[in-house]
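**Student:** Take a look at this one; I'll ask things after.
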Amino acid sequence: MENKKNMDVSEQIARQRLKERGVEVEDIAKLVLYLQEKYFPEMTLEDCMESVNAVLSKREVQNAILTGIQLDVLAEKGMLDEPLQSTIAVDDSLYGIDEIMALSIVNVYGSIGFTNYGYIDKQKPGILAKLNNHSDGSCNTFLDDIVGAIAAAAASRHAHRVARVQP
Ligand code: MG
């Protein structure tokens with residue numbers, strides 16, 4: 001996949017922003033594997049990559065990526081107005097809009113995405129632990145939820161597809 005000819009500008013930029021913020025498609029695919037290996041032991045990282053790429057091709061997902069990362073970057077630069085600047089920069093757990101924005105991604109493949117998202121948000125495996133480590137001064141208040149939500153949506157997509165091909 002990742003054939004640039006079939007990808008519109010919005011998708012290309014969304015993928016580029018994720019990369020710039022240290023998130024590779026493979027990192028998200030590993031989260032999908034983490035969510036699904038218990039239920040689908042045969043599932044490979046390749047399968048997970050395929051599902052993540054499908055999720056990234058959705059416009060509402062690209063919009064959430066672009067909006068969330070933009071806010072993280074502006075907070076990092078201290079360019080937001082108060083009280084938003086401090087709230088986002090310190091990743092205030094009572095803020096909640098980062099999680100709400102992530103729901104627009106989780107919704108794409110139906111309600112089992114909610115369960116996956118809640119679970120992975122609590123466990124914070126792999127790249128999510130890295131994004132939540134604030135020691136380097138980076139702000140990933142929106143990005144961690146977006147990445148978890150993409151993984152949750154990709155896991156839901158896979159579960160739906162498997163359910164459809166099995167008798
Ligand atoms: Mg967050």
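**Student:** Does Val147 satisfy being surrounded by fewer than 17 Cβ atoms within 10 Å (Cβ to Cβ), in contact (Cβ under 8 Å) with a residue 24 or more places away in the chain and part of a helix (DSSP H, G or I)?
**Tutor:** no
**Student:** Quick one: what pairs do we get from segment 119-133, first residue at pLDDT below 95, second assigned to a loop (DSSP other than H, G, I, E, B) and buried (at least 17 other Cβ atoms within 10 Å of the Cβ), C-beta under 6 Å, 6+ apart or different chains?
**Tutor:** That search, which allows pairs on different chains as well, returns Leu131/Asn140.
**Student:** I'm told Leu80 meets every condition in (1) assigned to a helix (DSSP H, G or I); (2) more than 11 Å from the ligand (Cβ to nearest atom); (3) touching a helix residue (DSSP H, G or I) at 6+ places or on another chain (Cβ under 8 Å) except one. Can you identify the failing condition by its number?
**Tutor:** Condition not satisfied by Leu80: (1).
**Student:** Still on this structure, please answer the following. Does Val61 count as surrounded by 14 or more Cβ atoms within 10 Å (Cβ to Cβ), under 12 Å from Ile150 (Cα atoms) and in contact (Cβ under 8 Å) with a residue 24 or more places away in the chain? Steps first, answer last, please.
**Tutor:** On the way: surrounded by 14 or more Cβ atoms within 10 Å (Cβ to Cβ): yes; under 12 Å from Ile150 (Cα atoms): yes; in contact (Cβ under 8 Å) with a residue 24 or more places away in the chain: yes.
Yes; evaluated as a whole, the condition is true for this residue.
**Student:** Out of everything in segment 106-124 that is away from the ligand (no atom under 13 Å from the Cβ) and among the hydrophobic types (A, V, I, L, M, F, W, C), what residue ends up being surrounded by the most Cβ atoms within 10 Å (Cβ to Cβ)? Talk me through it step by step, then tell me what you get.
**Tutor:** Of segment 106-124, the ones away from the ligand (no atom under 13 Å from the Cβ) are 106-116, 118-119, 123.
Cutting the leftovers down to among the hydrophobic types (A, V, I, L, M, F, W, C) gives us 106, 108, 112, 114.
Numbers: Val106: 27, Val108: 20, Ile112: 17, Phe114: 15.
My answer is Val106.
**Student:** Considering Ile97, Ile127, Ile150, which residue is of a type outside the set (S, T, N, Q) and near the ligand (Cβ under 10 Å from one of its atoms)?
**Tutor:** Sole residue among the options that is of a type outside the set (S, T, N, Q) and near the ligand (Cβ under 10 Å from one of its atoms): Ile97.
The values are calculated or read from the model by the stated rules, or taken from the named source; none is laboratory data. Since we're looking at a predicted model, the values are computed, not measured. So basically every Cβ, Gly included, is an ideal-geometry build from the backbone, and we count neighbours across all protein chains shown.
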